[in-house]
Amino acid sequence: MNTFKSTLLLVLLTVFLILIGDRFGGRNGMVLAFALSVVFNFVTYFFSDKLALRMYNAQPVTREQLPRAYAAVERLTAKQGLPMPKIYVLPTESPNAFATGRNPQHASVAVTHGILQLLDDEELEGVLAHELGHVRNRDILTSSIAATLAGAITMVARMGYWASLFGGGGSSRERRGGGGMSGLLMIIVAPIAASLIQLWISRTREFEADATGAAATGNPYALARALQKLEDYSKRIPMQASPSNAHLFIVAPLLGSGGIGNLFSTHPPMKERIQRLIGRDYV
């Protein structure tokens, strides 16, 4: 059901992008918007993992260099019938982790130096199980495409608005009928709507990965402890991350302060995640 919902929302984002192209450029705008979505999704499919790993200077590690992580991942992948992913370490003291890759056969799991120092073996296994849950559920590609489409909608809306101001795009009837004002409204509303759809996908994927990870280890309390620690320590040592891939991390690097900030957070509230794992919002 979650996969169906995510697919449906990705289709809605694509249709939304095409409609925006039609609004500003008619049939040519629709064709351009569709072509952009195809190109963006192609790049996302094949290169999003490499770009994310390179952005954070992730370094590949061997079994000899990181035996505790390798042992946990080997147990979990054998249990779930998954291929062994590549393992990377990010040279930062901020505790966090993420998974990336277009499918289970091309997956990578990255952990920060800080998370290795912070968590005990059970907690680390819970975090790695969560990340492998993303791999198993094929969330990585879904979330990346959602982020790409949301960005494309914002770009097309802005391009169309500026084109309409200088007499290009849209029909003559729209230009005579105050297209500039409606275009201005579009560049405000369209990106917000697209971002909210993207964030909804990211949030549901986090809940599902928590549940999958807890089931894989049979120890939801270990993951709940890890999440509570990660939230506390990530506030003390913030993760320097790009908004374009903040959704990849197990704990949101860009933390809101509540209220409207939570509305635009890539992750659900930590208390709610812990509540779903162990039946209460603290360990």
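The values are calculated or read from the model by the stated rules, or taken from the named source; none is laboratory data. Quantities reported herein were computed from a predicted structural model and do not represent experimental measurements. Accessible surface areas use protein heavy atoms only, side chains included; no ligands, DNA or RNA. Shrake-Rupley method; radii C 1.70, N 1.55, O 1.52, S 1.80 Å.
Run the 1.4 Å probe and let me know the accessible area of THR44, rounded to the nearest 10 Å².
That residue has around 10 Å² of solvent-accessible surface.
Starting from the Cα of LYS271, draw a straight line to each of the lysines and keep only those under 26 Å, dropping any in the same chain fewer than 8 residues away.
Once the sequence-local lysines are set aside, what remains near LYS271 is LYS5, LYS229, LYS235.
Order LYS229, LYS86 by their accessible area, 1.4 angstrom probe, all chains in place, largest first.
Largest accessible area first, the list is LYS86, LYS229.
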